Every structure is written in C-alpha cells, then in structure tokens.
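Novice: Handing you this structure, nothing more for now.
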Amino acid sequence: MPDKQSYWPQMFPAITILSYGPDFLFAASQIIASNTVKKHQQGIAGSLIGTLVAYGQSTGIGFAGTVETYTNNHGANIGDGYRHALYLGIGLAGLSIIIAIIFIRIPKDTRDGWGDEEITVMGDLSDQSEQNKADESLDSQNKQLQV
C-alpha cells in the first residue's frame, strides 16, 4: 500500500468487489446448508450458519486489529500495521480454501422433490380428504333423517 496510492483506479474497484463478499458468502452457505439436511432441520441449519458467519467475522476483525496494533511500531508506521492485517486476512482465506478442499464433500443430490417427507404429507392430506368425505356423507344422512 504505497503512500501516494490513487483511490479511484486502485482502491475503489477493490472496495466495490469486497462489498459483495458477505452477500455471496451468506447466500451460498445457506443454500448448501439447506440442501444437505432434511426439510424439518433446515431452520436449525440456517441458524447455525448465521451464527458461524457472525462469529467468524467478529473473531477475524479482532485478530486483524490485534495484528495491526502490534505490527505498526507503536503508531509510527500505520501502513505496516494495515498491511500485516491484510496479509493475515489473505492467509486465513487461503487456509479456509485448503480446509474446504480437503474436508468438505457434498454428495450429489439425486432426489426428486423432498423425498419421503413429501409422500407422508400427501398421505396425510389424502387421509384428511377421505375423513372430510365421510363427515359430509354423515351430515347428509342426518339431514335426510331430520326431514
């Protein structure tokens, strides 16, 4: 980060692209979480993802602030502190990519619809419609008897 760095050709595009990062991270993580669990567990998975994203952001900012504070030569060279905090962010991002490549395996989703849960729900609806038909026939028989 040079002292006479120009804002518009260098910093503005970087900050513009950077502002979309959290939106993409949160949306992608929510989609992956909801597609890898059953329908009744999606709320739990979504809240867990939201909690982990917030926790990761807050600890990342805390670590970056600590690195910036201890590497800027007691305020004499603020640029060095910012640079080292940026290097920490780059290193953590690289580490997270490596961890994701090694440990995360998402099986291909071959289901049509929601699977067994949808069949159960549809079965419950058909049972209700049969019950409604039986109730209607009893009501009509009662009306005929009253006349």
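Just so you know, all these numbers are worked out from the coordinates, no wet-lab data involved. What you see is a predicted model; the values in this text were computed from it and never measured. Positions of Cβ are generated from backbone atoms using ideal geometry, with glycine treated the same way; all protein chains shown enter the neighbour counts.
Novice: If Thr16 meets every condition in (1) surrounded by 10 or more Cβ atoms within 10 Å (Cβ to Cβ); (2) part of a helix (DSSP H, G or I) apart from one, which number is that one?
Specialist: (1)
Novice: From (1) surrounded by 10 or more Cβ atoms within 10 Å (Cβ to Cβ); (2) on the phi > 0 side of the Ramachandran plot, pick out the condition that doesn't hold for Ala93.
Specialist: In the conditions (1) surrounded by 10 or more Cβ atoms within 10 Å (Cβ to Cβ); (2) on the phi > 0 side of the Ramachandran plot, Ala93 misses (2) alone.
Novice: Search the range 76-101 for residues that are of a type in the set (Asp, Glu) and pair each with any residue that is part of a helix (DSSP H, G or I) when their beta-carbon atoms are under 7 Å apart and the residues are at least 6 apart or on different chains.
Specialist: Asp80/Thr71
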